[in-house]
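Read the structure below first, then the notes.
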Amino acid sequence: MKEMKFYGTALPGLEIEPYSGKLIVIEGTDGVGRSTHVALLRTWLESSGHGVLDTGMTRSVLAGRGIKNAREGHTLGRLTMQLYYATDFADRLESQMLPALRAGFVVLTDRYIYSAIARAVVRGADPEWVRGIYGMALVPDAVFYLRVRSTEELAGRVLASGRGFDYWESGMDLGLGNDYYDSFIAYQKQLLREFDRMSGEYGFRVIDASRPVRKVANDLRRSVARVIEEESATVITTDKETAKGEPPEKTRTDETVKQGPKTDSAEKAKSA
């Protein structure tokens, strides 16, 4: 069991209690392969007998659909959009992530607060202000940051996928380039700088995502297995400490029981 720890102040009315699950975050910029690796991890964890919940940005019942509609219509200001994302996160934290963690599930989340912070800062939000908004976030058990070596590599992956460049993932609202490609490169470079800055602040475990998917997946499996095994090791240690801390009375009673037969034997020897 692990005590809940938050980056700031927990949500009002939230019941703060120990949980037995694991909160594992897969972070990284657009096109780096987060969704692919979350899906691979889920399949592997479930085949190993773990209950798994996977979640991600804009999947909130309360705010998810509204955010998608707002993005399509470009109808919200930058700060309003950030508050909308924070609402989405708060709803998923309270209604999805925390219940699953209390039930002992492994929660895999495709992005966490870090992507929201990076996007907001790049769009001009005050870094302290936006971090304060997400002070309600539970500190994860592990954050794996999938990092590529260049934004040109990211652009190449998007082109190879055939899905084309997304307006928001390319930062077109910021006027950084004359076309989607140039804007994507410029925007993603800024995001990479923010992620690298947060890496030390939040203790990211950096994974080289420029390698083939299979190698990255193997690294993630080993790392996630260690995170899960940490709990088992803690439980074993706690059990041993509990055993050592037995009341003195019980220990003396056990010793008396053990010594009883030896005394009888000694008396019989003298009589003989």
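Structure values in brief
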item: Sole residue being surrounded by fewer than 23 Cβ atoms within 10 Å (Cβ to Cβ) and either of a type in the set (Ser, Thr, Tyr) or in contact (Cβ under 8 Å) with a residue 24 or more places away in the chain (or both), chosen from Ala120, Ala86; result: Ala86
item: Lone qualifier among Ala142, Ala186 - being within 18 Å of the chain's Cα centre (by Cα) and at pLDDT 95 or above; result: Ala142
item: Single unsatisfied condition, Lys68 versus (1) more than 17 Å from Tyr7 (Cβ to Cβ); (2) in contact (Cβ under 8 Å) with a residue 40 or more places away in the chain; result: (2)
item: Tabulated pairs, segment 156-172, first in contact (Cβ under 8 Å) with a residue 40 or more places away in the chain and hydroxyl-bearing (Ser, Thr, Tyr), second in a loop (DSSP other than H, G, I, E, B) and surrounded by 15 or more Cβ atoms within 10 Å (Cβ to Cβ), C-beta under 9 angstrom, 6+ apart or interchain; result: Ser161/Gly31
item: Residue tally, condition under 21 Å from Asp166 (Cβ atoms), within 20 Å of the chain's Cα centre (by Cα) and aromatic (Phe, Trp, Tyr), over segment 73-111; result: 2
item: Among residues of segment 160-172, those that are surrounded by 14 or more Cβ atoms within 10 Å (Cβ to Cβ) and in a helix (DSSP H, G or I), counted; result: 1
item: Of the criteria (1) surrounded by 13 or more Cβ atoms within 10 Å (Cβ to Cβ); (2) within 21 Å of Arg78 (Cα to Cα); (3) small (Gly, Ala, Ser), which one Gly175 fails; result: (1)
item: Among (1) touching a strand residue (DSSP E or B) at 6+ places or on another chain (Cβ under 8 Å); (2) outside any loop (DSSP other than H, G, I, E, B); (3) buried (at least 19 other Cβ atoms within 10 Å of the Cβ), the one test that Pro140 misses; result: (2)
item: Residue within segment 40-61 that is modelled with pLDDT under 95, farther than 29 Å from Tyr180 by Cβ and either among the polar types (S, T, N, Q) or in a loop (DSSP other than H, G, I, E, B) (or both) present; result: yes
item: Pick from segment 120-134, criterion part of a helix (DSSP H, G or I) and of a type in the set (A, V, I, L, M), ranking: farthest from Phe89 (Cα to Cα); result: Val122
item: Leu191, sole failed condition from (1) part of a helix (DSSP H, G or I); (2) over 23 Å from Leu76 (Cα atoms); result: (2)
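Conditions tested, residue by residue: (1) in contact with a strand residue (DSSP E or B) (Cβ under 6 Å, 6 or more places away or on another chain); (2) farther than 20 Å from Tyr114 by Cβ.
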site	(1), (2)
Arg147	yes, no
Glu153	no, yes
Asp166	no, no
Gly175	no, yes
Tyr181	no, yes
Tyr187	no, no
Glu201	no, no
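The values are calculated or read from the model by the stated rules, or taken from the named source; none is laboratory data. Predicted model only: the values in this text are computed from it and were never measured. So basically every Cβ, Gly included, is an ideal-geometry build from the backbone, and we count neighbours across all protein chains shown.
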